[in-house]
Amino acid sequence: CALPISNPPISIVILALNEEANVERVYERLRQILSHENFEVIFVDDGSTDGTSTKISDLARKFPNIRGISFSRNFGHQAALKAGFDHALGECVITLDCDLEHPPEYISKMIQLWREGTEVVISVRQESSQLSSFKRVTSKFFYRLNNTLSEVPIKSGSADFRLLDKKVVEVCKAITENELFWRGLIPWLGFKTQ
């Protein structure tokens, strides 16, 4: 059972778009994995047109460590991440998608690395046979082009499944740009990353 959210050390920000089937599933997985942690979960519903928002509200009534943010329309992944950062109360923030493509089981290792002093823990996608050859080629091209043009390289295959220390989140909260690209901004900030 999750502990009360008064001053939680860990915030989990879950991004959801038409994920009514996964809201409860992802939370149950987190409850099992974080059973010995004090944590809060912030679901950010990015303008779903199904019952995602209702599922989040129902779950929040059952569990006091759940909060929900519901956008009036789809503002996009980057805006949803910013909303999660802005409302997180924890000493660290872990972001993941509600579709369970980011395995919550890796969260324990991320927390361990954070407690050992890492300020940003990033995950890197493994090449999957399920990815189309077009997706693989365009992804490689994107990272190669970005790393050629940018002063700050982005690790190829890096995902928005990451852990940020509270001091990193505070800097992210202060960023007021409209066109956000967190995969590029977070490495640019220069915090200790693993």
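The values are calculated or read from the model by the stated rules, or taken from the named source; none is laboratory data. As the structure is a prediction and not an experimental result, all values here were calculated from the model. Positions of Cβ are generated from backbone atoms using ideal geometry, with glycine treated the same way; all protein chains shown enter the neighbour counts. To get the accessible areas, we keep the full protein, side chains included, count just its heavy atoms, and leave off ligands, DNA and RNA. Shrake-Rupley method; radii C 1.70, N 1.55, O 1.52, S 1.80 Å.
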Where in the stretch 1-94 are there helices (runs of 4 or more DSSP H), lying fully within it, with 3 or more residues that are without any contact (Cβ under 8 Å) to a residue 60 or more places away in the chain and either in contact with a Cys (Cβ under 9 Å, 6 or more places away or on another chain) or surrounded by 21 or more Cβ atoms within 10 Å (Cβ to Cβ) (or both)?
52-62
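So that you can scan it fast, the table gives a plain yes or no per residue for (1) modelled with pLDDT under 60; (2) open to solvent by 40 Å² or more (accessible area, probe 1.4 Å):
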{"position": "Ile122", "(1), (2)": "no, yes"}
{"position": "Leu145", "(1), (2)": "yes, yes"}
{"position": "Cys172", "(1), (2)": "no, no"}
{"position": "Arg183", "(1), (2)": "no, yes"}
Members of the stretch 165-183 found to be assigned to a helix (DSSP H, G or I) and under 15 Å from the mean Cα position of the chain (by Cα), listed by number
Lys166, Val168, Val169, Cys172, Lys173, Trp182, Arg183
For residues in the stretch 158-170 being surrounded by 15 or more Cβ atoms within 10 Å (Cβ to Cβ) and of a type in the set (D, E, K, R), which is nearest to Ala16 (Cα to Cα)?
Asp160
